[in-house]
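K.L.:
Okay, handing you the structure first.
Read-outs: derived from the displayed coordinates by stated rules, not from any lab. All values reported here derive from a predicted model rather than from experimental measurement. Reconstructed Cβ throughout: ideal geometry from the backbone, glycine too, with neighbour counts over all protein chains shown.
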Amino acid sequence: MSAELGQSLNDFVPPPKPCTGLRNAALVLSAIGAALSLTAAFNETHRVRLGFGYLWGFVFVWSAALGSLFFVGLQHLVRAVWSVVVRRVAEMFAASIWLVALSFVPILLYCFSHGGASLFPWLDAEHVSHDALLQQKQPYLNLPFFAARAAAFFALWIGFAVFFTQNSLKQDVGRSSVEPAVRMRKASAPFMLVFAVTTTFASFDWLMSLEPHWFSTIFGVYVFSGMVVTALALITITTIGLRSSGRLGSGVVGDGHLYNLGVLMFAFVCFWAYIAFSQYMLIWYGNIPEESFYLVRRFEGGWLFVSVALGVVRFVVPFLALLSRSAKTNPTRLLWVSIFLLAGQLLDLYWLIMPQLHPDRPILGWQELGPVLMLVGILILFVSHFLERHLPVSVGDPLFEESLRFYI
Amino acid sequence: MSKSREKVVGVVGLYDDPSSLLRAAEGVRDAGFTRWDCHTPFPVHGLDRAMGLKSSPLPTLALTAGLIGVLAAFVLTGGLNALHYPIRIAGKPMLSWQAFVPIYFEMFVLFSALTIMGSLFVFCGLGRWHSPLHDSGVMSEITGARFAIVLGADDRMYSQADAKTLLEATGCRDIRPLVQFEEEDDAII
């Protein structure tokens with residue numbers, strides 16, 4: 001198969017080869033994570049923290065996969081030429097969405113059990129019976145509808161991810177037809193509408209309903225902005241890693257492509273800051289207790305430090321680090337900023353989720369880190385599996401050659 | 001319009017495609033010329049590198065002006081609200097910087113945008129009404145399908161014969177002297 005594949009590749013990209021190192025690292029990571037998670041699961045006192053930690057890790061891998069799916073859809077929507085050589089990496093992360101769906105099953109099972117009420121207060125019937133507001137929200141915040149929504153979201157995301165990835169992989173073998181490209185371009189516009197609605201409501205369900213009294217209409221956009229930064233950081237790290245390990249072939253990804261990734265990353269770093277500040281300022285200005293308590297909790301005690309750190313890690317440092325033109329073509333700089341931004345996403349999600357569990361001060365222990373390690377390890381395992389089976393570049397795309405010639 | 005004196009102020013080399021222009025620009029760059037320019041009907045990628053252009057001071061100017069704008073906005077809003085005319089609004093602290101972040105942002109954008117526009121005019125040499133290129137007929141060709149390199153006679157590397165040889169060496173088939181007409185009637189304009 002590989003020989004036949006190799007001939008249609010016009011010698012740009014070497015055929016896939018095993019990535020043992022990456023797979024072993026991922027196995028170790030997920031094994032450690034799974035051991036920690038299991039230990040916590042069988043202990044009554046640690047189980048609540050495990051629940052929050054699992055949600056933390058789940059939302060992280062979810063944002064990586066869905067953000068990448070958005071990236072793929074966006075490139076088709078605007079018929080981008082430059083991104084053809086990096087799109088396969090995004091498709092790879094988008095294709096992991098079925099694993100994300102699988103990793104949601106434990107959360108759902110947890111919600112159906114008694115423990116779920118410690119994660120989502122609106123699951124606690126006793127609590128709801130004393131709370132007029134939560135009773136009003138019951139038509140939306142109830143377990144059957146919550147589960148049905150999640151199922152619908154994942155069905156749509158998996159559907160689009162399979163559609164985009166399969167059509168792209170199909171092009172690798174027989175590159176005579178432009179039909180798959182046209183089909184994907186046509187599907188990308190409805191995808192954007194579906195993506196906008198599902199992402200907003202999924203972030204309401206999984207993050208905002210942790211504090212069911214609180215509401216913010218911009219919340220979906222806030223989660224979206226962090227999600228795209230995460231996806232771009234992952235795409236950049238993977239692309240640079242593939243290039244330096246020689247899997248990408250020589251001269252496939254050049255300065256121009258890196259520059260565009262850097263520009264997009266810079267733009268979405270600014271976009272995140274814009275949205276985060278918009279949300280903060282309106283609540284701060286209005287100063288209405290039913291909204292402001294969410295921020296008051298995050299700006300008091302030990303959480304103040306996390307809130308300030310969030311602004312520094314997610315905006316100030318990456319903004320300054322990516323500001324100059326030469327920084328956006330410097331692989332080392334891009335790599336470190338990307339890793340920094342991934343840490344920023346974890347910090348952001350920690351800031352969103354954990355004050356619910358530790359209201360007084362931030363606490364981080366093995367109970368929270370275990371599931372994150374496990375889910376990230378599984379994602380890396382998926383990546384290594386994908387790279388062993390498929391080309392890291394969509395060489396069959398009709399715009400591939402044009403994309404190679406892209407430079408700034 | 002009466003008699004006019006002619007003066008050679010440079011040499012123009014015309015090329016038929018962007019890649020030969022790029023090669024020629026590299027040649028001129030390596031020869032050490034400083035007073036020269038390229039003219040093309042559309043943006044040619046990589047020309048800045050081929051010409052050995054240094055990076056523009058514009059980003060630094062824009063950032064500096066933007067930061068001055070932020071400072072101005074801070075003094076304007078904070079000075080008014082906290083010092084000169086203190087009014088407590090909605091129980092907030094006098095110096096409520098959060099409320100004025102949109103103003104800081106807008107002033108950053110305003111100051112840097114105006115600076116970029118102003119320095120663009122300066123860098124493009126606004127204030128000079130005329131260029132000898134306009135009379136040469138070269139302009140009508142390079143807004144069509146041709147590409148030009150202009151070597152200025154005020155370059156210290158320049159001597160007419162050498163410039164011509166240099167352009168010939170880069171494969172140029174169409175070399176013309178650039179002539180300035182000094183018209184006695186309206187020399188001031």
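K.L.:
Round to a whole angstrom and tell me the spacing of the C-alpha centers of the range B:1-69 and the range A:265-290.
P.N.:
Distance between centres, Cα-based: 44 Å.
K.L.:
Just to check I understand the Karplus step: with θ = phi - 60° and J = 6.51 cos²θ - 1.76 cosθ + 1.60, what whole-Hz values come out for the range A:14-27, glycine and proline as x?
P.N.:
These are the phi-based 3J(HN,Hα) values: x, x, x, 10, x, 10, 5, x, 4, 5, 5, 4, 5, 4 Hz.
K.L.:
Per DSSP helix of 4 or more residues, -39500 (n - 2.57); summed, then divided by the residues of chain B. What does that give at 222 nm, rounded to the nearest 500?
P.N.:
Result for chain B: -14000 deg cm²/dmol, rounded to the nearest 500.
K.L.:
Within the range B:54-81, find all residues whose amide N lies under 12 Å from a label point positioned 7 Å from the Cα of A:PHE319 along Cα-to-beta-carbon.
P.N.:
B:67, B:70
K.L.:
Compute the length gained on full extension between A:LEU102 and A:THR20: take 0.36 nm times their separation in residues and subtract their Cα-Cα distance, giving the result in nm to one decimal.
P.N.:
Taking A:LEU102 through A:THR20 to full extension adds about 27.1 nm, to one decimal.
K.L.:
For A:LYS170, list the lysines whose Cα falls under 23 Å from its own Cα; do not include residues on the same chain fewer than 8 positions away.
P.N.:
A:LYS17, A:LYS186
K.L.:
Now for a different question. Can you compute the modelled spin-label distance between B:ILE68 and B:ASP37, with each label point 7 Å from Cα toward Cβ, in nm?
P.N.:
For B:ILE68 paired with B:ASP37, the spin-label model returns 2.6 nm.
K.L.:
A further question on this structure: Given a Förster distance of 45 angstrom, what is the FRET efficiency for A:ALA35 paired with B:ALA145, based on the Cβ-Cβ distance and rounded to 0.05?
P.N.:
0.05
K.L.:
What distance in nm lies between label points placed 7 Å from Cα along the C-beta direction at B:HIS45 and A:GLU401?
P.N.:
Result: 1.5 nm between the two label points.
K.L.:
Exposed loop trypsin sites (Lys or Arg not before Pro) only (DSSP loop, at most 15 other Cβ atoms within 10 Å): please give the longest stretch of chain A free of them, not including the sites. Could the numbers behind the result be given before it?
P.N.:
Details: sites that count: A:ARG79, A:ARG325, A:ARG405.
Longest gap between qualifying sites, sites excluded: A:80-324.
K.L.:
Got a sec to turn the phi values of the range A:263-272 into Karplus ³J(HN,Hα) couplings, 6.51 cos²θ - 1.76 cosθ + 1.60 with θ = phi - 60°, whole Hz, x for Gly and Pro?
P.N.:
For the range A:263-272, the Karplus-derived couplings read 5, 4, 4, 4, 4, 6, 4, 5, 4, 4 Hz, x marking Gly and Pro.
K.L.:
Whole Å is fine, so just give me how far the alpha carbon centre of the range B:72-127 lies from that of the range A:23-88.
P.N.:
41 Å
K.L.:
What distance in nm separates the two pseudo spin-label positions at A:LEU193 and B:PHE181, each 7 Å out from Cα along the beta-carbon direction?
P.N.:
Distance between the two pseudo-spin positions: 6.3 nm.
K.L.:
Could you derive backbone 3J(HN,Hα) for the range A:155-162 from the dihedral phi with the Karplus parameters 6.51, -1.76 and 1.60 (θ = phi - 60°), listing whole Hz in sequence and x where the residue is Gly or Pro?
P.N.:
Each residue of the range A:155-162 in turn: 4, 5, 5, 5, x, 5, 5, 5 Hz.
K.L.:
For chain B, take the longest principal axis of its alpha carbons; what is the angle in degrees between that and the long axis of helix B:97-123, to the nearest 10 within 0 to 90?
P.N.:
With rounding to tens, the tilt is 20 degrees.
K.L.:
For chain A, what's the relative contact order in percent, using C-alpha pairs closer than 8 Å and at least 6 residues apart?
P.N.:
Reported relative contact order: 37 percent.
K.L.:
Rounding to the nearest 20 debye, state how big the charge dipole of the protein assembly as shown is about its Cα centre with +1 on each Lys and Arg Cβ and -1 on each Asp and Glu Cβ.
P.N.:
About 900 debye.
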